[in-house]
Amino acid sequence: MNYIDLFCGAGGLSYGFDQAGFKNLFSVEYNEKYAKTYARNFPHHNLLIRDIRDIRYEEIKDILGKEVVDVVVGGPPCQGFSIAGNIGRSFIDDERNHLFKEFVRIVEYVKPAMFLMENVGAMATHKKGKTIESIVHSFSLAGYNVVWDVLNSVDYGIAQERRRIVIIGCRKDLDLKFNFPKRELKKKTIKDVIDDLPPLDSGKASDIPNHIAMNHSVQMLEKMSYVRDGGNRYDIPEEVRPKSGDVRKYIRYDSSKPSVCVTGDMRKIFHYAQNRALTSRELARIQSFPDSFIFEGSSLDIQQQIGNAVPPALAFKIAKEISESLNDVKISNH
């Protein structure tokens, strides 16, 4: 079975699908920094470092040859739905969601048996459900029956609270049924997945790729020294406590719980037992990337790549379910 990865980023979805036995036909990534990481870890994939809007049907046809596409996967950036003030304008009409339309365009063209689209969980409730309705309608017009669910990574063996919408499409002319992966009862804690990495002081490095500690200021080190395991800014004496800013900053991970959601900037959330922010390797572990997966770029570039990725372990579980769905169906483009 094969797949195309649109908006592939560093490659969380690609890694999961490769591990599940799928063959990559081609991947698309616009951001050259992300593409560098992808190319390093998937040297045999056909990576197009391009704006997806510039990729025409003729080019896709040349790449695919006689290959019949089984799955198209990707997480197109969808900005319009998360910004207030666009009253009266639907998700589909919002020009900021042109990349979603590109995902639909390529699905319509290659007619895969199935597709997987991933995005932030808030998409499910936006505009009282009208946004997800319009997305489902778009895919229905393209010839797909759609099921969707909001999955939390912590339910799938990943040490992180991360809610994402997963939208699965099955071609209407095929007798396909898809089941979302079963939830696991046992929850992994952050300590379960990063505690064996070598301890580091602020600004120090290790022999493990991407396990390099951020160099914190003296003032920051003092502030974090007051915060207990699982604590927050209110552990810091009032005279030095930050008075404003995001409440999700100046907290210390709770070693007995899964991690909070990994985003593109985790510099003010502190290790449960060490006086520093987490390294990129620790964040990658929380996202379920193996240590053999090497990230390229500056530390902030790398954090963004990790924060934007689909956890590979979740991608693998969804890929296995897609594989089950496709197993008994003869795929045809006609």
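The values are calculated or read from the model by the stated rules, or taken from the named source; none is laboratory data. Small disclaimer: the values here were computed from a predicted structure and weren't measured. FYI the Cβ positions are ideal-geometry reconstructions off the backbone, even for glycines, and counts take in every protein chain you see.
Of Lys223, Lys186, all but one fail to be surrounded by 14 or more Cβ atoms within 10 Å (Cβ to Cβ), among the charged types (D, E, K, R) and more than 24 Å from Val120 (Cβ to Cβ); the exception is Lys223. Taken over segment 115-125, the criterion of being within 17 Å of Phe7 (Cβ to Cβ) and either out of contact with any strand residue (DSSP E or B) (no Cβ under 6 Å at 6 or more places or on another chain) or outside any helix (DSSP H, G or I) (or both) is satisfied by Phe115, Leu116, Met117, Glu118, Asn119, Val120. Of all residues in segment 134-156, those that are free of Cβ contacts under 8 Å to residues at least 40 places away in the same chain and polar (S, T, N, Q) have Cβ atoms under 8 Å from Cβ atoms of residues that are part of a loop (DSSP other than H, G, I, E, B) and surrounded by fewer than 19 Cβ atoms within 10 Å (Cβ to Cβ), 6 or more apart or on another chain, in Asn145/Lys172; Asn152/Glu161.
Taken together, the residues in segment 50-106 that are modelled with pLDDT of 95 or more, acidic (Asp, Glu) and closer than 17 Å to Ile167 by Cα amount to 1.
Summed over segment 143-196, the residues that are part of a strand (DSSP E or B) and over 18 Å from the mean Cα position of the chain (by Cα) give a count of 7. Looking only at residues of segment 289-328 that are touching a Leu at 6+ places or on another chain (Cβ under 9 Å) and within 29 Å of Arg233 (Cβ to Cβ), we find that the one that is surrounded by the fewest Cβ atoms within 10 Å (Cβ to Cβ) is Gly307. Hey, can you tell me all the residues within segment 22-44 that are under 21 Å from Lys111 (Cα atoms), in a loop (DSSP other than H, G, I, E, B) and touching a residue at least 24 places away in the same chain (Cβ under 8 Å)? The one that is under 21 Å from Lys111 (Cα atoms), in a loop (DSSP other than H, G, I, E, B) and touching a residue at least 24 places away in the same chain (Cβ under 8 Å): Phe22. Check whether at least one residue in segment 238-260 is crowded, with 17+ Cβ neighbours inside 10 Å and over 27 Å from the mean Cα position of the chain (by Cα), and report yes or no. Scanning segment 238-260 turns up no residue that is crowded, with 17+ Cβ neighbours inside 10 Å and over 27 Å from the mean Cα position of the chain (by Cα).
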